[in-house]
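Structure first, then comments.
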Amino acid sequence: MPLLNLALQGGGSHGAFTWGVLDALLADGRVDFEGISGTSAGALNAVALASGWATAQSAGRDPREGARETLAAVWNRVSAWGSLGRLPQQLMRMLGGGMLSPYQSNPLGLNPLRDLLAAEIDFVAIAAHPHLKVFVSATHVNTGRAVVFTGPRLDARAVLASACLPLLFHAVEIDGEPYWDGGYSVNPALSPLLGDCACADVLLVQINPLRIAETPRTTAEIQDRIGELTFNASLLTQMRAIDFINRLVAEGGVSHPRCRAVHVHRVDGGSALEAYPASTKGSADAVMIQRLCEAGRAAAQAWLREHYAAIGERSTVDIARDYLDDTRMAVPLRTVAKPVRPPLFRPWLARLLRGS
């Protein structure tokens with residue numbers, strides 16, 4: 001059965017689109033998964049799929065149906081929350097346009113995601129699963145570096161950290177260190193899927209658009225686009241690194257058995273998400289969430305019809321066209337004097353993909 005790694009972007013309640021994508025892949029039944037990397041809402045989707053899969057399998061049930069059930073239960077709870085940003089917005093209006101920090105507006109550190117994770121996600125089952133590898137990313141507040149939580153370190157705090165918007169919630173402390181939303185540093189982390197998984201195919205579920213049709217002009221439009229650019233910046237860097245690796249492999253610049261071409265695939269929101277500006281990522285409107293789920297399901301079904309045969313064979317994304325810019329050095333790879341030494345490749349690759 002073809003194998004995929006999943007890379008799930010964050011995007012608030014727009015992550016319901018990813019729910020639909022995952023639901024379609026699970027219902028189709030023709031692909032299996034090795035690694036799942038998620039940030040923010042992508043992290044929530046990642047642990048929901050893995051928890052449902054692992055707990056159903058341990059109970060002798062169909063793991064795909066278990067994953068679908070847990071994803072649905074998670075997003076049904078989100079739909080019941082109402083507007084996530086209502087309290088800060090009300091306070092800002094009361095103060096004539098000022099802004100209170102969450103340590104003032106939310107002194108008790110209330111976060112509805114904490115109860116959701118306790119009710120729906122079995123982190124022990126995820127860590128114990130012998131095949132699925134789950135990676136959740138957060139941003140270390142004091143250094144700005146991305147930190148990936150996996151295995152025994154992956155718990156509810158890691159997901160809370162990955163989804164911690166600093167204007168709404170207190171920084172999440174893990175082992176005495178503060179963390180914010182992973183989207184500020186890596187959205188999502190691709191390096192664990194390349195360095196810790198045998199599968200060479202990565203399916204990116206992209207929520208934040210790369211291109212927009214018109215120049216933003218209103219304050220709201222400008223703020224929305226700034227957010228999109230911020231949360232896509234790390235993805236562009238990682239895609240440049242993957243393109244570089246693929247060209248090295250194609251030109252014979254590396255020869256170690258673990259150094260292989262990466263097959264990149266993508267399902268994105270496209271026109272379905274154009275109807276919902278970035279400002280709606282903080283809305284938990286049930287109708288919007290259901291429509292985004294349906295759009296994600298349709299997009300994944302279309303991707304399977306068109307690209308299923310390419311899994312394990314080739315990329316279905318033109319990285320150079322969609323992700324690269326003019327910062328690349330135009331130096332032929334054949335001028336490289338020495339291949340990268342195999343023992344240094346994996347840490348070098350990890351540093352390159354982190355942008356450090």
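Below, the figures for the structure above:
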| quantity | calculated |
| --- | --- |
| Estimated FRET transfer efficiency (ASP32, ASP318; beta-carbon r; R0 30 Å; 0.05) | 0.70 |
| Amide hydrogen neighbours beyond the local backbone of LEU3, cut-off 5 Å, H modeled | ASP32 |
| Within region 138-159, backbone nitrogen closer than 16 Å to the virtual label 7 Å beyond the Cα of ALA127 toward Cβ | 148-159 |
| Counted charge near ALA272, where neighbours are those whose Cβ lies closer than 10 Å (Asp, Glu -1; Lys, Arg +1) | -2 |
| Accessible surface of region 102-233, 1.4 Å probe, proportion on carbon and sulfur as whole % | 57 percent |
| Spin-label zone in region 17-44 - amide nitrogen under 17 Å from a point set 7 Å from the Cα of VAL249 along the C-beta vector | 34-35 |
| Charge tally in the Cβ shell below 12 Å around ASP318, where Lys, Arg are +1 and Asp, Glu are -1, ASP318 excluded | +1 |
| Protection proxy ranking of 45-56, 125-136 - average other beta-carbon atoms within 10 Å, highest first | 45-56, 125-136 |
| Average projection area in nm² (convex hull over Cα atoms of region 134-245, one quarter of hull surface) | 8.7 nm² |
| Region 98-170, dipole about Cα centre (Lys/Arg Cβ +1, Asp/Glu Cβ -1), debye to the nearest 20 | 260 debye |
| Carbon + sulfur, % of accessible area of region 1-83 - ligands and nucleic acids excluded, 1.4 Å | 47 percent |
| Centre separation in Å (Cα based) which lies between region 150-210 and region 1-77 | 16 Å |
| Accessible solvent surface per residue of region 204-318, calculated while the other protein chains remain in place, 1.4 angstrom probe, Å² | 51 Å² |
| For ALA163, residues with placed amide H under 5 Å, excluding near neighbours | SER40, GLY182 |
| Length released on extending from LEU229 to ASP175, taking residue separation times 0.36 nm less the Cα-Cα span | 16.4 nm |
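The values are calculated or read from the model by the stated rules, or taken from the named source; none is laboratory data. Here the structure is a predicted model, which is why all the values come from computation and not from measurement. FYI the Cβ positions are ideal-geometry reconstructions off the backbone, even for glycines, and counts take in every protein chain you see. When the accessible area is computed, the model is the full protein with side chains, heavy atoms only, and any ligands, DNA or RNA have been set aside. Shrake-Rupley method; radii C 1.70, N 1.55, O 1.52, S 1.80 Å.
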